[in-house]
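Written out below as structure tokens is the structure these notes cover.
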Amino acid sequence: MSVRSGMSCACACRWMAFLSQNRDADAQTNRRWIMVDHARCCRAAPHRCSVTVGAAHAAPPPARTSAPFSTLPSRPPTSHPDLAAPRRATLFRAASSGMGVATNGSSSSTSESAETAQPQAYKFLIYGRTGWIGGLLGQLCAARGIPFAYGAGRLENRAQLEADIDEVAPTHVFNAAGVTGRPNVDWCETHRTETIRANVCGTLTLADVCRARGLVLINYATGCIFEYDAGHQLGTGIGFKEEDTPNFVGSFYSKTKAMVEELLKNYENVCTLRVRMPISSDLSNPRNFITKIARYDKVVDIPNSMTILDELLPISIEMAKRNLTGIWNFTNPGVVSHNEILEMYRDYIDPNFSWKNFTLEEQAKVIVAPRSNNELDCTKLKAEFPELLSIKDSLVRYVFKPNQKTSKA
Ligand SMILES: NC(=O)c1ccc[n+]([C@@H]2O[C@H](COP(=O)([O-])OP(=O)(O)OC[C@H]3O[C@@H](n4cnc5c(N)ncnc54)[C@H](OP(=O)(O)O)[C@@H]3O)[C@@H](O)[C@H]2O)c1
């Protein structure tokens, strides 16, 4: 690295100060976080930046291929080459490695063409291969020609995570792994140590390993750590902000997620995405919130913030490219109620569909742990991604229109 004289970039000043004061064992890790700050600083005021690290100032964006998900307006990655450039000559591996780190399942012809077509700037290491969100994330990377590999390690096993990172040499790590309970989160009430092991010990271990390696971790967390309260009443449009303290600990799952979110605030390399009631365009998937409520005998009817994965998972990839960290309410702006979704389902999918409602008190008799209902304030995400659709518009565009079976216009 070289720092030119006459620098005006604030992060460069920090770097110089760091160089003169710190020669300890954490030097490499700390240096990387200064580089992240540097990338942000340069994005804010690129004309003022006079710091060079290596050759190029910004890594070229990787090729974008047709994708089943939304296509974000392209914005050049602002990540610093120290973080975004490949660390190995060959980033994409079509076959499983000797260490058991599964590479993506895309065809070798796709991977070869992606590799030879242009230099690859990114490689993602993803945890949660067999899970819903992790599976979708891998499909998305494959469709867009983004090199990725799934982590083989268990989250709570530090040595295995380190081995994955050694093997894959990722530019970014994504955590879509965790215990969610089967058939639902009630499972966590009776499997507390298993829940703690994965969701608390595991998530924290991964964050810590990534920090030590200078890697940004995109962590799919949950927004089910809030419930409507006096300051955030249902129907007022006042949502919980990123800095608000979780107020819902009704279920053991949510309680542990809230604890971890609090602890992760100390990790400057972690991007915490508060996902809620995720929905995808695959209406046959039993994990899909729409599919779930369409199959229930009775449903409550409460407006909630929700996450349309088809729109938001690509945004999470873009967030990695921008090296965004901190807490983010990761839902579409606004709220939608159970009945509003089921009315759309009837109008677009099945004109004969009908359903029955019941009250929260009646619902409490058929579940073990209470469920969270809330609205999250999406101002921060919308400011970073102005094209983000409201929840109702996103539902129509990404879910109901593509699946439409009726003649509704
Ligand atoms: N789905 C939702 O409603 C929802 C809502 C909000 C937030 N989220 C969060 O989003 C994340 C992903 O959710 P999802 O619905 O995709 O979950 P999922 O379908 O239940 O998948 C969970 C994944 O985590 C892996 N896993 C579990 N424990 C692990 C451990 N100790 N080490 C390594 N891998 C482990 C599982 O692999 P194995 O099968 O090998 O254990 C599986 O691949 C979770 O953190 C969840 O809390 C989900």
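The values are calculated or read from the model by the stated rules, or taken from the named source; none is laboratory data. Owing to the predicted nature of the structure, the values given are computational and were not obtained by experimental measurement. For neighbour counting, all protein chains shown are included, and Cβ atoms are generated from backbone atoms with ideal geometry for every residue, glycine included.
From the list Leu313, Leu388, Leu309, which one is under 12 Å from Arg276 (Cα atoms) and modelled with pLDDT of 95 or more? That would be Leu309, the only listed residue that is under 12 Å from Arg276 (Cα atoms) and modelled with pLDDT of 95 or more.
In segment 337-386, of all residues being among the charged types (D, E, K, R) and under 30 Å from the mean Cα position of the chain (by Cα), the one that is nearest to Lys255 (Cα to Cα) corresponds to Arg371. Only residues that are of a type outside the set (Ser, Thr, Tyr) and within 9 Å of the ligand (Cβ to nearest atom): list them for segment 171-180, please. Correct list: Asn175, Ala176, Ala177, Gly178, Val179. Check segment 251-260 and report whether any residue there is part of a loop (DSSP other than H, G, I, E, B), at pLDDT below 95 and crowded, with 18+ Cβ neighbours inside 10 Å. Yes, some residue in segment 251-260 is part of a loop (DSSP other than H, G, I, E, B), at pLDDT below 95 and crowded, with 18+ Cβ neighbours inside 10 Å.
Condition first: within 10 Å of the ligand (Cβ to nearest atom) and out of contact with any Lys or Arg (no Cβ under 9 Å at 6 or more places or on another chain). Can you find one or more residues in segment 162-170 that meet it? No: zero hits.
From the residues in segment 286-306 that are in contact with a helix residue (DSSP H, G or I) (Cβ under 7 Å, 6 or more places away or on another chain) and within 10 Å of the ligand (Cβ to nearest atom), which one is modelled with the highest pLDDT? Filtering first and then ranking leaves Met306. Considering only residues in segment 349-374 that are hydroxyl-bearing (Ser, Thr, Tyr) and surrounded by 10 or more Cβ atoms within 10 Å (Cβ to Cβ), the one that is modelled with the highest pLDDT turns out to be Thr359. In the set Thr236, Thr245, only one residue is away from the ligand (no atom under 16 Å from the Cβ) and within 22 Å of Val185 (Cβ to Cβ); that residue is Thr245. Note on segment 270-287: residues that are in contact (Cβ under 8 Å) with a residue 60 or more places away in the chain, closer than 22 Å to Lys241 by Cβ and part of a loop (DSSP other than H, G, I, E, B) amount to 2.
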